[in-house]
Every structure is written in structure tokens, then in C-alpha cells.
Amino acid sequence: MLRWIVWRDLTLAWRRRADILSTVFFFIIVVSLFPLGIGPETQLLRSIAPGVIWVAALLASMLSLNRLFANDLQDGTLEQLLLTPQPLFAVVFGKVLAHWIVSEIPLVLIAPLVGLQFDVPRDTLWILLVSLLVGTPVLSLIGSVGAALTLGLRGGGVLISILVLPLYIPALIFGAGAVEASIMGTSPAPHLYLLGAFAIVSLIFSPWATAAALRISLE
Amino acid sequence: MPGLCKQPKVDLSRLISYICGSVVAPTILEVNKLGCVRGDRRLFSGLDLSLAAGTYLQVTGPNGSGKTSLLRILCGLLTPAEGEIKWQGENIRSLAEDYFTAVTYLGHRHGVKDEFTAIENLRISNALNGIEVSKERARDVLARMGLAGRESLPARLLSEGQRRRVALARLLVCNTKLWLLDEVMTSLDKGAVALIRSLIEEHLAGGGIAIVATHQDLEVATGSSQRLELAT
């Protein structure tokens with residue numbers, strides 16, 4: 001059942017490839033604007049790199065969150081998903097997993113490449129990749145709660161950012177912190193552990209919260 | 001003397017009909033004092049229903065009288081303001097997901113994905129309900145719904161009526177006892193309406209219950225037919 005819902009969402013995403021590409025291009029462009037605007041001051045670029053890349057990832061994932069449930073709401077498939085005999089949190093988990101694969105994994109993979117523009121050391125690029133790999137599930141999971149709460153509202157796109165971005169702050173601090181620690185030459189492990197802990201907490205709580213929010217939104 | 005002979009005969013037939021009535025068709029869906037409030041408007045209150053197997057219930061009423069709300073309450077999407085719904089003697093709130101194995105709800109947003117073909121739509125919606133439908137079976141079912149030759153087109157290329165036929169194809173596979181159909185006849189031609197009628201008749205003959213919100217009379221031949229008129 002979980003495999004069906006993941007397969008369904010992945011296929012849908014594949015048939016609307018433009019949506020994925022727009023998220024990835026947004027990420028690349030936002031990150032690239034900083035080196036272009038600041039100029040070739042490697043010391044400065046290196047110190048802002050973790051924050052800029054992580055913030056760009058947060059903003060890029062905002063773009064795709066709107067679509068997480070809105071399309072399904074419009075054509076009535078969301079109602080049908082709510083009426084399946086599986087627990088709703090499992091359905092939500094499947095959708096969030098698909099969203100992570102479709103919208104976040106491309107960002108994770110492209111991040112080391114855009115990181116090159118900031119003259120980040122090669123080892124740090126790996127840490128950047130790992131920190132995003134651990135941290136982006138948080139974005140999908142917590143974002144799904146916001147997406148469910150703002151479902152069907154006018155101006156939901158802005159509202160979702162206001163709701164969700166503050167909740168991303170811990171992920172941003174630890175994620176960017178890990179990369180920064182690596183640039184400074186200290187161990188990024190503590191940051192990554194905390195980031196992982198935060199990911200696990202959101203994995204446990206957000207599917208339930210999203211399921212409850214969906215029920216409310218569809219009333 | 002003849003009077004004495006007749007007396008037990010009458011009693012017996014009444015007894016038989018009473019026994020058959022309670023054994024063959026016990027109440028499956030029971031609605032007690034249901035009330036619905038949308039916004040600050042009370043749509044209906046004190047609604048009582050008891051439906052036995054093989055019952056067809058047509059819900060009618062002017063626009064905004066609460067037909068859709070009633071159906072959404074009955075399938076568990078909407079929480080009623082008051083009252084309770086019992087499925088086989090148990091409250092549907094406590095049954096939770098188990099109740100959904102017994103219910104198929106088709107709303108006026110028909111739940112057909114534009115990006116998927118008719119076959120994919122049918123197979124996925126059933127797979128999510130725990131029923132695996134093979135490609136051949138899906139093709140047969142869609143052919144019966146009058147979609148032969150169009151099974152592999154993306155649903156966005158189908159007409160509104162054809163998309164509704166894809167949604168209705170689920171009824172042929174779903175195996176549920178309670179059908180809740182909300183305005184499913186809109187944008188359907190005469191042939192499709194006749195098809196729905198025969199589907200519902202088969203369903204009723206198999207001991208199912210169908211609750212249909214519609215302005216059109218379906219005139220279902222089998223089963224016992226009831227009518228619920230919601231007023232504004």
C-alpha cells in the first residue's frame with residue numbers, strides 16, 4: 001500500500017517534470033546570485049556559504065510544498081485517500097516520502113556543485129551533502145503539516161511560509177552549523193547528530209499532525 | 001370452524017414475514033438524530049434513518065439543502081454537529097478505518113487524476129483500497145463502462161462524462177457494502193445513466209445499500225426503495 005502511494009506520487013511528479021525542474025533551478029539561481037553579487041572575496045564567500053546554501057534549500061522547498069496536497073484536493077483524489085482503509089498517517093508518510101525523493105533529493109545532489117562557487121573545500125562539500133541528506137527530510141515532514149493546514153486557503157503559499165519557516169530554524173542552525181564547523185576544521189559530528197535527532201522527532205510527530213490537519217481541512 | 005382454521009394461517013404468514021424481515025434484512029446502517037451545521041446555518045437536524053441490506057435511498061432536495069453534507073457525514077469525511085451513525089451496530093467513529101472497507105464514496109469531484117490513464121486511475125484507486133486489479137480486469141471493467149479503446153489515454157484527454165465513467169468503474173471492482181454517490185449523474189448520457197441503474201440494481205440484489213443524492217429519478221427496480229427529502 002505504501003509502495004502504491006509512493007509509486008503514484010513519483011509517477012505523477014515524473015509526468016509533471018517541469019515542476020521539479022523549477023524547484024531545482026530556483027535553488028541554483030538563488031545560490032548563484034550571492035557570489036555574483038559579492039564578488040571574488042573568497043574568505044567572505046566561504047564563511048557565508050553554509051548559511052546561503054541552506055537558506056536557499058529552505059526557500060526552494062517552500063515552492064514545492066504548495067503542491068503536496070493541493071492538486072489532490074482539486075480533483076477529489078484527496079477525499080478518496082482519506083477514505084482508504086489504511087491509517088491516514090501512513091498515507092501521509094508515503095506522500096511525504098515521495099515529496100522528499102522528488103523535491104529534496106535533487107537539491108541535495110546539486111548542492112555540492114553549486115557549493116563550488118563559494119570556494120568551499122572539497123571535504124566540506126561532502127559534509128554539505130550529508131547535512132542536507134539528513135536535514136531535508138525535516139523540511140518535507142514539517143512542511144507537510146503546514147501544507148495540510150493551509151490547504152484550500154487563498155494565499156496559502158505565503159501563509160505556509162510564515163507557518164513553516166520558523167519551524168525550520170533548528171534544522172537550519174544545525175545543518176549550516178555542521179558545514180561551518182567543517183570549514184573551521186572542527187568536527188561536524190555533533191551538529192549532524194542533533195540534526196538527525198530533530199529529523200527523527202519530526203518523523204514521529206509530523207505524519208500524525210498532518211493527518212489531523214488534513215481531516216480538519218477537508219471538513 | 002372455518003374462522004378457526006383461518007386464524008392461524010394469517011398469523012403464520014405474518015410470523016414468516018416478520019422472521020424473514022428481521023433475518024434476511026436486518027438494519028445495517030442506522031442514523032440517530034443526525035444534525036449538520038455548516039458555517040452558522042443549520043442544514044438539518046434530528047435526522048433518523050435505518051437502512052437494511054438491499055435498500056436504495058434517494059436523497060433529494062434543493063441546492064444547499066445539505067445533500068452533499070449528509071453524504072460526507074455518512075462516509076466519515078465530515079463530523080456531524082450532533083447525533084451518531086452506526087454501521088452494523090457500531091459507531092463509525094470507533095470503527096475508524098475498518099468502516100472504510102465497507103464504504104465507497106464518489107463525490108462530485110470525481111477523484112480521477114488527469115495525468116494517469118483510465119487503467120492507471122482504476123488500478124491505483126483500488127490498490128490504495130487494498131484491491132489489486134490486473135490490467136486485463138481493468139480493461140474489461142472499463143469496456144463495460146463504455147471506455148473500450150480509450151483505456152490508455154491520459155484522463156485529461158477524456159471528456160467530462162468519460163472521466164466520470166472512469167470514476168464509476170470503481171463501483172464494479174470495489175466490493176463494498178455501502179455506496180454513497182453524490183450527483184454522479186451529472187454530465188452523463190442516457191446510456192451511462194442506464195448503466196448506473198443496472199450497477200445499483202446488481203449491488204442491491206447482492207445485499208448492498210446505495211445512497212444516491214440526485215435530482216434525477218433513477219427508478220431502481222430491485223430492492224426496497226426509500227426517499228429522503230431535505231428541505232431548506
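The values are calculated or read from the model by the stated rules, or taken from the named source; none is laboratory data. All values derive from a computational prediction rather than experimental measurement. Ideal geometry is used to build each Cβ from the backbone, glycine not excepted, and the neighbour counts take in all protein chains shown.
Can we say B:L47 is in contact (Cβ under 8 Å) with a residue 12 or more places away in the chain, closer than 16 Å to B:L78 by Cα and surrounded by 14 or more Cβ atoms within 10 Å (Cβ to Cβ)? Yes, satisfied.
Out of B:K177, B:K135, one residue alone is among the charged types (D, E, K, R) and surrounded by fewer than 15 Cβ atoms within 10 Å (Cβ to Cβ). It is B:K135. The selection criterion, being touching a Pro at 6+ places or on another chain (Cβ under 8 Å), closer than 28 Å to A:L36 by Cα, in contact (Cβ under 8 Å) with a residue 24 or more places away in the chain and part of a helix (DSSP H, G or I), does not hold for A:L165. A:G152 meets the conditions (1) outside any helix (DSSP H, G or I); (2) more than 30 Å from A:M184 (Cα to Cα); (3) away from chain B (no Cβ under 14 Å) in every case but one. The failed one is (3). Scanning segment B:121-133 for residues that are at the interface with chain A (Cβ under 8 Å from one of its Cβ atoms) and not hydroxyl-bearing (S, T, Y), we see that the one that is farthest from A:L78 (Cα to Cα) is B:G130.
B:V166 passes every criterion in (1) without any contact (Cβ under 8 Å) to a residue 60 or more places away in the chain; (2) more than 12 Å from chain A (Cβ to nearest Cβ) apart from (2). If you go through segment B:103-112 and pick out every residue that is modelled with pLDDT under 90 and more than 7 Å from every other protein chain (Cβ to nearest Cβ), you end up with 1. When segment A:122-136 is filtered for residues that are farther than 13 Å from A:A181 by Cβ and β-branched (V, I, T), the ones remaining, listed by number, are A:V134, A:T136.
Among the residues of segment A:20-36, some residue qualifies, meaning at least one is out of contact with any Gly (no Cβ under 7 Å at 6 or more places or on another chain) and within 14 Å of chain B (Cβ to nearest Cβ). Residue-level check: of (1) assigned to a helix (DSSP H, G or I); (2) in contact with a helix residue (DSSP H, G or I) (Cβ under 6 Å, 6 or more places away or on another chain); (3) of a type in the set (D, E), B:E151 misses just (1).
Within segment B:71-85, being more than 14 Å from every other protein chain (Cβ to nearest Cβ) and surrounded by 18 or more Cβ atoms within 10 Å (Cβ to Cβ) holds for one residue alone: B:I85.
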